[in-house]
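Working notes, beginning with the structure itself.
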Amino acid sequence: GMCIPPLDIEVKACVPEKWWTLYEQHSRKPFPDEVAEKADEQLEEFSRILQHEGIIVRRPDPIDCTQMYTTPDFSSHGSFSVMPRDFLMVIGNEIFESPMAWRCRFFEYRAYRPLVKEYFRKGAKWTAAPKPLMSDELYDMNYPITNLEDRNRLAKQGKFATTEFEPCFDAADFMRAGRDIFAQRSQVTNEMGIEWLRRHLGDEYKVHVLSFNDPNAMHIDGTFNIIGPGLVISNPIRPCNEIEMLKKAGWKIVEAGQPTTPDSWPLYFTSKWLAMNTLMLDEKRVVVEKERWSKSAKSLQDTYDNLTGDVLIASGVIAYLG
């Protein structure tokens, strides 16, 4: 049921420039079969690896993303529902549904609602953040972006495609470490959204806002990734402006190695720095992607051995159809 999203301003501000024409000309059409088939194959392999490590793997319900829908404020169609990290956030025993900013993701919650209801019946708290209207007021409809240079200039000015009209955020713009939660203002997460979460959590958690030299700010884990207690993998070309705060608090900062992703990979939604994505199974086990790190696997293993524990090498690419 996946399809290519429309090139709305909030999408255009996030995706690589080289794919803009594809989005404009093929919106609502499926991704290439060979890409989808490869993604399915790799996802199945990733699932087997997790199951082997004792993880229960659950799947969202399939939904038809090609269906058009209209609210009083906008019309759109879906795109995908394959990234629970973007939409769902678990803090303590509370499951949060995020008020995401892309109009084509407005109904993405439907794929996960049966699972969330199941966990609620078993005792979990369930909080759906205020659903944004997604009217034109949420977006800078005159956001002046025509190329990468524009992105860099606007990011340095703290300007993004989303406004402060109403709260919006993707769960993937937050990273939790114990009672500390790190967040970034991005193309899909505004200050009002961060403040909503801060007030909801109250004094039990402390929300820290970080900023980076990132012209395409969308999701913190391709820039700043916590891989263990007091341990951070940091993107060397997107330095954190608050890094000294972390060092003074005793955190160890390790720069990520250069990604080895082949130029032939499409990467419809992201840059090669998606290679920084990891999955922490616990404090001693981290999952990384084999293909992205094949040329630097030994140094990566040495880095993680010194910092945490076991490295599990998963084959293939399992996110963003990259």
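The values are calculated or read from the model by the stated rules, or taken from the named source; none is laboratory data. Values in this document were obtained by computation on a predicted structure and should not be read as measured data. Neighbour counts are summed over all protein chains in view; Cβ atoms, including those assigned to glycine, are modelled from backbone coordinates with ideal geometry. Heavy atoms of the whole protein, side chains included, go into the accessibility calculation; ligands, DNA and RNA do not. Shrake-Rupley method; radii C 1.70, N 1.55, O 1.52, S 1.80 Å.
Sorted by accessible area (1.4 Å probe), largest first, how do R121, R198 line up? Display every interim value, and only then the final one.
Working: R121 180, R198 80 Å².
Ranked from most to least accessible, the order is R121, R198.
For a quick check of understanding: with a 1.4 angstrom probe and all protein chains in place, what accessible area in square angstrom does M141 have, to the nearest ten?
Rounded to the nearest 10, that gives 100 Å².
At a Förster distance of 41 Å, what's the computed FRET efficiency of K18 paired with R179, Cβ-Cβ distance as r, to 0.05? Before the final figure, lay out the partial values.
Working: r = 42 Å, r/R0 = 1.01.
E(calc), rounded to 0.05, equals 0.50.
Just to verify a number: what accessible area does I237 come out at with the full protein assembly present, 1.4 Å probe, Å² rounded to tens?
Here the residue's solvent-accessible area equals roughly 90 Å².
With all pairs of different alpha carbon atoms counted, what Kirkwood hydrodynamic radius in Å does segment 194-244 show? Can you show the working numbers first?
Details: mean 1/r = 0.0805 Å⁻¹.
Result for segment 194-244, one decimal place: 12.4 Å.
What ³J(HN,Hα) values, in whole Hz, does the Karplus curve 6.51 cos²θ - 1.76 cosθ + 1.60 give for segment 155-161 when θ = phi - 60°, with x put for Gly and Pro?
Computed from phi, the couplings for segment 155-161 are 4, 5, 8, x, 9, 9, 6 Hz.
Cα atoms only: what Rg and Dmax, in Å, come out for segment 118-172?
Computed over the Cα atoms of segment 118-172, radius of gyration and Dmax are 16.6, 50 Å.
Segment 15-59: which GluC sites (Glu not before Pro) are DSSP loop and have at most 14 other beta-carbon atoms within 10 angstrom?
Working: sites: E17, E24, E34, E37, E41, E44, E45, E53; in loops: E53.
The qualifying sites are E53.
³J(HN,Hα) across segment 251-268 via Karplus (A = 6.51, B = -1.76, C = 1.60, θ = phi - 60°), whole Hz, x for Gly/Pro?
6, 9, 10, 10, 6, 5, x, 5, x, 10, 4, x, 5, 6, 6, x, 6, 5
With runs of 4+ DSSP H residues as the only contributors, calculate the mean residue ellipticity of the chain at 222 nm using -39,500 (n - 2.57) per run, divided by the residue total and rounded to the nearest 500.
Working: 10 runs with 89 residues, N = 322.
Dividing the helical sum by the residues of the chain leaves -8000 deg cm²/dmol.
For the chain, what is the charge dipole size about the Cα centre, in debye to the nearest 20, if Lys and Arg each add +1 at the Cβ and Asp and Glu each add -1 at the Cβ? The partial results should precede the final answer.
On the way: 39 positive and 47 negative charges, 107 e Å.
So the magnitude is around 520 debye.
Limiting things to C-alpha atoms, what are the Rg and the maximum Cα-Cα separation (Dmax) for the chain, in angstroms?
Rg, Dmax (Cα atoms, Å): 19.0, 55.
Straight-line reach from K248: which lysines fall under 24 Å, measuring Cα to Cα and dropping same-chain residues less than 8 apart?
Candidates past the 8-residue exclusion: K206.
Of T278, T261, which has the most accessible area and how do the rest follow, probe 1.4 Å? Let's see the in-between values first.
Working: T278 35, T261 5 Å².
Ranking T278, T261 by accessible area, largest first, yields T278, T261.
When the accessible area of the chain is split by element with a 1.4 Å probe, what percent falls to carbon and sulfur? Don't jump to the answer; show the numbers that get you there.
Details: 7860 of 15490 Å².
In the chain, the share of accessible area belonging to carbon and sulfur is 51 percent.
Normalised radius of gyration for segment 1-124, please: alpha carbon Rg relative to 2.2 N^0.38 Å, two decimal places.
Values: Rg = 16.2 Å, N = 124, 2.2 N^0.38 = 13.7 Å.
Rg over 2.2 N^0.38 Å, computed on Cα atoms: 1.18.
Take the cross-link list K131/K272; K12/K272; K159/K252; K252/K284 and give me the ones stretching past 21 Å between alpha-carbons.
Numbers: K131/K272 31 Å; K12/K272 18 Å; K159/K252 30 Å; K252/K284 16 Å.
Correct reply: K131/K272; K159/K252.
With a 1.4 Å probe and all protein chains left in place, how much accessible area per residue does segment 93-216 have, in Å²? Please report the intermediate quantities before stating the final value.
Values: 5680 Å² over 124 residues.
With all protein chains present, segment 93-216 gives 46 Å² per residue.
Could you tell me the accessible area of H52 in Å² (1.4 Å probe, neighbours in place), rounded to the nearest ten?
Using a 1.4 Å probe on the heavy atoms, I get roughly 150 Å².
Can you give the Rg/Rh ratio of segment 64-181, where Rg is from the C-alpha atoms and Rh is the Kirkwood radius? Could you put the intermediate results ahead of the total?
Working: Rg = 16.2 Å, Rh = 16.1 Å.
Radius of gyration relative to Kirkwood radius: 1.01.
What is the extension gain from F120 to A36, computed as 0.36 nm multiplied by their sequence separation minus the C-alpha to C-alpha distance, in nm to one decimal?
On the way: separation 84, 0.36 × 84 = 30.24 nm, distance 3.23 nm.
The F120-A36 span can extend by a further 27.0 nm.
What would the Debye formula give as log10 I(q)/I(0) at q = 0.12, 0.14, 0.18, 0.25 Å⁻¹ for the alpha-carbon point model of segment 1-73, no solvent?
Values returned for q = 0.12, 0.14, 0.18, 0.25 Å⁻¹ are -0.50, -0.65, -0.91, -1.16.
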